[in-house]
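As structure tokens, the structure follows; a few thoughts come after it.
The values are calculated or read from the model by the stated rules, or taken from the named source; none is laboratory data. None of these values were measured; they are calculated from a predicted model. FYI the Cβ positions are ideal-geometry reconstructions off the backbone, even for glycines, and counts take in every protein chain you see. Please note that ligands, DNA and RNA were not included when accessible areas were found on the heavy atoms of the full protein model with its side chains. Shrake-Rupley method; radii C 1.70, N 1.55, O 1.52, S 1.80 Å.
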Amino acid sequence: MSRRKTERLLSLVVCLLSASRFLTAGQIRAAVPGYPDTFDAFKRMFERDKDELRELGIPLETGTNSPEDEVGYRISRQAYMLPEIRLEPDEAAVLGLAARVWHRAELEGAAAGALLKLRAAGVDAEETTQPGIEPRLQTGEAAFGALWEAVRDGRPVTFAYRAAGRSSPLQRRLEPWGVLNRHGRWYVAGQDTDRADARVFRLSRIDGPVSFAGPPGSVTVPAGTDVRATVRQLDAEQPALRTAVVRLRQGTGHGLRLRATSSRPDPAGPGWDLAELPFSDVGWFADHIASFGADVIALEPADLREAVMTRLKGVLA
């Protein structure tokens with residue numbers, strides 16, 4: 001379902017739920033955005049929307065406010081209310097925890113909406129009952145929003161991609177099937193139209209914006225496609241590990257310290273430690289180091305140090 005259609009149906013539901021009486025087709029046309037200008041086109045689209053709402057289980061009622069009035073429509077609040085939901089405390093806790101996983105605006109609204117519906121139904125779904133435990137799936141990749149929208153709407157995309165070992169990016173055309181996280185990294189899988197084969201691309205290697213290359217609904221995911229298996233298979237070759245040298249302010253960077261292969265006080269300055277850490281992906285590791293701000297300084301290798309500085313300068317800008 002396209003974003004425009006989703007917004008129109010949602011507006012229609014809100015309109016009919018908010019009304020205390022039956023609304024005529026003309027009143028609905030004036031109140032709900034997204035319908036065509038001509039009345040005949042509006043009627044055809046409205047008929048399809050009514051059928052779709054009923055297929056979704058929404059109790060759309062037809063009636064009149066008085067015998068001489070035109071037929072109207074409404075959604076009864078009582079019939080629309082969720083039935084009683086019984087969840088065990090651990091089930092409610094899991095739902096609350098899942099809603100906290102999404103950290104960025106592309107998806108956190110949907111997660112918050114799910115919690116709101118549960119609480120409206122009387123379910124005590126606290127976001128978490130364990131302080132200090134807060135899982136995060138970071139969607140900080142600049143390409144994430146556009147690719148997620150392209151997968152949702154079935155739209156092909158184009159983007160510049162800097163493959164491992166290449167100094168300059170190449171333009172790629174993709175019919176995306178899914179976006180997923182694997183071992184802390186985001187990937188998009190789909191059909192590479194130039195190579196006529198399935199391909200997987202790491203979002204951190206996409207250089208510049210992602211552009212839509214076709215209308216919604218023009219991409220069809222092949223039946224039986226397992227996006228997770230595709231990513232697992234095509235990303236099986238892991239790049240060689242490298243060693244980073246970083247300065248850590250004492251008392252900070254605990255997550256990095258756990259990964260360090262060695263750590264010692266920095267003779268160049270009191271209050272700092274030197275640590276060596278393994279890494280393979282410069283982009284992802286630079287993002288991670290930059291997230292610590294002034295408490296962590298990348299020293300080596302040079303490309304990692306430059307990538308961290310670029311990210312920090314971007315924040316200042």
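List the strands (runs of 3 or more DSSP E) that sit entirely inside the range 187-279 and contain at least 1 residues that are open to solvent by less than 40 Å² (accessible area, probe 1.4 Å) and in contact with a helix residue (DSSP H, G or I) (Cβ under 8 Å, 6 or more places away or on another chain). If you could, list the steps in order and put the result at the bottom.
Values: elements: 197-202, 206-212, 242-249, 262-265, 272-279.
Counting at least 1 such residues, we get 197-202, 206-212, 242-249, 272-279.
State yes or no: is A298 assigned to a helix (DSSP H, G or I) and open to solvent by less than 30 Å² (accessible area, probe 1.4 Å)?
Working: assigned to a helix (DSSP H, G or I): no; open to solvent by less than 30 Å² (accessible area, probe 1.4 Å): yes.
In short, no.
Considering only residues that are within 37 Å of the chain's Cα centre (by Cα) and among the charged types (D, E, K, R), which ones fall in the range 55-71? I'd like the intermediate steps shown before the answer.
Step one: list which residues in the range 55-71 are within 37 Å of the chain's Cα centre (by Cα), which gives 55-61.
E55, E61 - these are the residues of the range 55-71 that are within 37 Å of the chain's Cα centre (by Cα) and among the charged types (D, E, K, R).
Which of the residues spanning the range 23-43 are within 17 Å of V71 (Cβ to Cβ) and out of contact with any Leu (no Cβ under 9 Å at 6 or more places or on another chain)?
T24, A25, G26, Q27, R29, A30, F39, F42, K43
Return the residue satisfying two criteria in turn: it lies in the range 6-54 and is open to solvent by 90 Å² or more (accessible area, probe 1.4 Å) and within 28 Å of the chain's Cα centre (by Cα), and of such residues it is farthest from E149 (Cα to Cα).
That would be L10.
Kindly check whether there is at least one residue in the range 115-133 that is assigned to a loop (DSSP other than H, G, I, E, B) and modelled with pLDDT of 60 or more. Don't jump to the end; show me each part of the working.
Step one: filter the range 115-133 for residues assigned to a loop (DSSP other than H, G, I, E, B), giving 121-133.
Now drop any that are not modelled with pLDDT of 60 or more, which leaves none.
Looking for residues that are assigned to a loop (DSSP other than H, G, I, E, B) and modelled with pLDDT of 60 or more, one finds none in the range 115-133, hence no.
Restricting to the range 301-310, and then to whatever is surrounded by 16 or more Cβ atoms within 10 Å (Cβ to Cβ) and touching a residue at least 24 places away in the same chain (Cβ under 8 Å), can you tell me which residue is nearest to R259 (Cα to Cα)?
Among residues in the range 301-310 that are surrounded by 16 or more Cβ atoms within 10 Å (Cβ to Cβ) and touching a residue at least 24 places away in the same chain (Cβ under 8 Å), the one nearest to R259 (Cα to Cα) is L304.
Pick out the one residue from V188, V179, V210 that is hydrophobic (A, V, I, L, M, F, W, C) and in contact with a Gly (Cβ under 8 Å, 6 or more places away or on another chain).
Numbers: V179 fails: in contact with a Gly (Cβ under 8 Å, 6 or more places away or on another chain); V210 fails: in contact with a Gly (Cβ under 8 Å, 6 or more places away or on another chain).
Among V188, V179, V210, only V188 is hydrophobic (A, V, I, L, M, F, W, C) and in contact with a Gly (Cβ under 8 Å, 6 or more places away or on another chain).
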